[in-house]
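Inspection log for the structure reproduced underneath, given as structure tokens.
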Amino acid sequence: MRDYSSTLRDAGLRVTEPRLALLRTAQEGGHSSVEALRQGVIDQIGSVSVQAVYDIVHALTTAGLLREVRSAGTVTYYEINRNDNHHHAICRSCGRIEDVPCAKGEKPCLHASHTHGYTINEAEVIYHGYCPDCQAKRRK
Ligand SMILES: [Zn+2]
Ligand SMILES: [Zn+2]
Ligand SMILES: [Zn+2]
């Protein structure tokens, strides 16, 4: 299990037990909802309020340690930010979420056709559709 104390310190954040527990939960859980993160923290250190979890998630996301995956209509997920510009496929029916590498490893989506003068370092691409399980159910 990775030790996130130095990660927090490097990001200029105070090292606290709830923050460490939340990062460990995110590492184990892959893409986690706030509720799942809260449950993971509770499992490790006892109790934590919903507001405290939101505060931690906000601080870690702002610091770039967590990556937020927000999709219209479904849950917002958080994952450890690997800075690899990977994308996501989210099932419209059950909310299942999978990582999708950027097309051909070249990060072509970062070469936007018109950037308005911005320097671009991440593209939030979400493919919406139906996962294999839900496709099977729909065919019945
Ligand atoms: Zn599904
Ligand atoms: Zn992901
Ligand atoms: Zn891409």
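Rule-based calculations on the coordinates, nothing more; no lab input. Please read these numbers as outputs of a predicted model, since none were measured by experiment. All Cβ positions, glycine included, derive from the backbone under ideal geometry; neighbour counts span all protein chains shown.
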* Please state the charge dipole magnitude for the chain, taken about the Cα centre, from unit charges on C-beta atoms (+1 on K and R, -1 on D and E), reported in debye and rounded to the nearest 20. => 480 debye
* To do: Using only alpha carbon pairs under 8 Å that are at least six residues apart, calculate the relative contact order of the range 1-85 and give it in whole percent.
  => 28 percent
* Amide H neighbours of Cys94 under 5 Å, counting only residues 5+ apart in sequence or on other chains, H built in-plane at 1.01 Å? -> Cys131
* Fully extended, how many nm does the chain gain between Asp10 and Asp55 (0.36 nm per residue separation, minus their Cα-Cα distance)? -> 14.3 nm
* What trypsin sites (Lys or Arg not before Pro) in the range 2-91 are in a loop by DSSP, with at most 12 other Cβ atoms within 10 Å of the Cβ? -> Arg2, Arg14, Arg70, Arg82
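Output the relative contact order of the range 85-139, whole-number percent, from Cα pairs under 8 angstrom with separation of 6+ residues. Could you put the intermediate results ahead of the total?
On the way: 62 pairs, mean separation 24.9, N = 55.
In percent, rounded to a whole number, it is 45.
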* Which residue, Ile45, Ile97, Ile56, has the most motion in a Gaussian network model of the chain that connects Cα atoms within less than 10 Å? -> Ile45
* **Choice from Ser33, Ser71, Ser93 showing the highest fluctuation, given a GNM over the chain with Cα pairs closer than 10 Å** => Ser93
* Structure fact -> With label points set 7 Å from each Cα along the Cα-to-Cβ direction at Ala63 and Cys94, the distance between them in nm comes to 3.5 nm
* To do: Under 11 Å from a label point 7 Å along Cα→Cβ of Thr76: give me every residue in the range 16-55 with its amide N that close.
  => 34, 54-55
* In percent, what relative contact order does the range 23-140 have, based on Cα pairs under 8 Å that are 6 or more apart in sequence? -> 22 percent
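Could you please report the charge total around Val53, scoring K, R as +1 and D, E as -1 over all other residues with beta-carbon less than 9 angstrom from its beta-carbon? It would help to have the intermediate numbers written out before the result.
Details: positive: Arg38; negative: Glu35, Asp55.
Local charge sum for Val53: -1.
Would you mind ranking Cys94, Cys134 so that the residue whose beta carbon has the fewest other beta carbons within 10 Å leads the list? Kindly include the intermediate steps, with their values, before the conclusion.
Values: Cys94 13, Cys134 16.
Ordered by Cβ neighbours within 10 Å, fewest first: Cys94, Cys134.
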